[in-house]
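Okay, so here's the structure we're looking at.
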Amino acid sequence: MTWQHHTRRRGFFSRLYQDSGLSGPILVFLGLGFLFVPLLPGDFPTIVGVEILILGLFALSFNLIYGYMGQISFGHAAFFGLGAYATALFFRASQMTTGEIGYAQFFLSLLLAIPVSAIGALIVGFFCVRLTGIYFALLSLAFGELLFYIVFSWYGFTGGDNGIQGLLPPPFFRNPDNYYYFTLAIVAIAGVLLWRIANSPFGYTLRMLRDNQRRAAFLGINVRLAMLMNFVLAGTFAGIAGALWGPFQRSVAPGLLGWMESGIPVFMTLIGGADFFAGPLVGSVVYTALNSYVTHYTVYWPLTIGLIILVIVLFFPGGILSIIDARIRASRGHQQAREDLPVTSSEETGSRP
């Protein structure tokens, strides 16, 4: 039996797995699931769903640096926070005396996060891409803490440690279901763009930088420029996620730029699997859902997430998707062996004189 025959009789998810790896079926499955979240009883699942989507986009942007470029950033939340504050400041400047904001101002405030976070990532990335490994990580952390301190201390502009409150979106987006589907649309568009970047020649250049920067430089690739472009892209998508956060929470605070916030995409990526495009999104589902429900019943959330990370790092360093992928590959290997057995016997029989 030929390979074409095997492919033709497989189902949709199997063909998707064949063409795009495990991330393809996982993304379709998650996309279908996300469509129906507002149908669940009560507003709580919808609110958790918005958080999963926003933090999932934040983690996907982080994985451009970690999973594809091979560097870890402990200051990635700085761009998430810059996007959130850019939106919040425009919100505050556009609010009428009643605290309302128009639809045009609402969309402009979200769009403003893109250039602000991109410029911030360009300035920080200009210095960070000159280093690699632990030095890259520490420098990104230093810049993140620097931006956090500026926002924390600048009371006249950012509100200091009080943050900015009262970010009331237009009436249509105050409905949790409407804001959920709006966030889902933005994250889906951003996810498609990230997928195209990850699977473009630029994405494969990043993989080469991750594996061997000297070889890439020997082939004529401008290593620093490629790293800087990727750093700016990752920061911009983190800023888009941050822009969605302010109207969702109705406020922003300096902690959005802090090192603790930077740890969230790291945890999500480790849980889901950095080697898979959909890994950070899966990690966001697990992390955010657990956080929402565990903190509802107990104060021992740090202990819970600590144990989960401990188990992942010690026993499943590739994350949840690596376990699923290994099982699928093993199953397909056994199935292929069973299907090939009669063919081999027939060929052997036919070859006899």
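The values are calculated or read from the model by the stated rules, or taken from the named source; none is laboratory data. As the structure is a computational prediction, the values presented were derived from the model and not from experiment. A quick note on method: Cβ atoms are made from the backbone with ideal geometry, for glycine too, and the neighbour counts reach across all protein chains shown. Protein only, heavy atoms only, side chains kept; ligands, DNA and RNA dropped before computing areas. Shrake-Rupley method; radii C 1.70, N 1.55, O 1.52, S 1.80 Å.
Filtering segment 69-90 to residues that are in a helix (DSSP H, G or I) and crowded, with 24+ Cβ neighbours inside 10 Å leaves Ala77, Ala78, Phe79, Phe80, Gly81, Leu82, Gly83, Ala84, Tyr85, Ala86, Thr87, Ala88. Across segment 104-114, the qualifying residues are those that are under 19 Å from the mean Cα position of the chain (by Cα) and open to solvent by less than 60 Å² (accessible area, probe 1.4 Å), and the one among them that is nearest to Phe173 (Cα to Cα) is Leu110.
Only helices (runs of 4 or more DSSP H) whose full extent lies in segment 233-338 are considered here, and none of them has at least 2 residues that are free of Cβ contacts under 8 Å to residues at least 12 places away in the same chain and among the basic types (Lys, Arg). Identification of helices (runs of 4 or more DSSP H) wholly contained in segment 98-209 with 2 or more residues that are aliphatic (A, V, I, L, M) yields 103-128, 133-153, 176-198. From the list Leu57, Leu22, which one is under 19 Å from the mean Cα position of the chain (by Cα) and modelled with pLDDT under 90? Leu22 is the lone residue from the list that is under 19 Å from the mean Cα position of the chain (by Cα) and modelled with pLDDT under 90.
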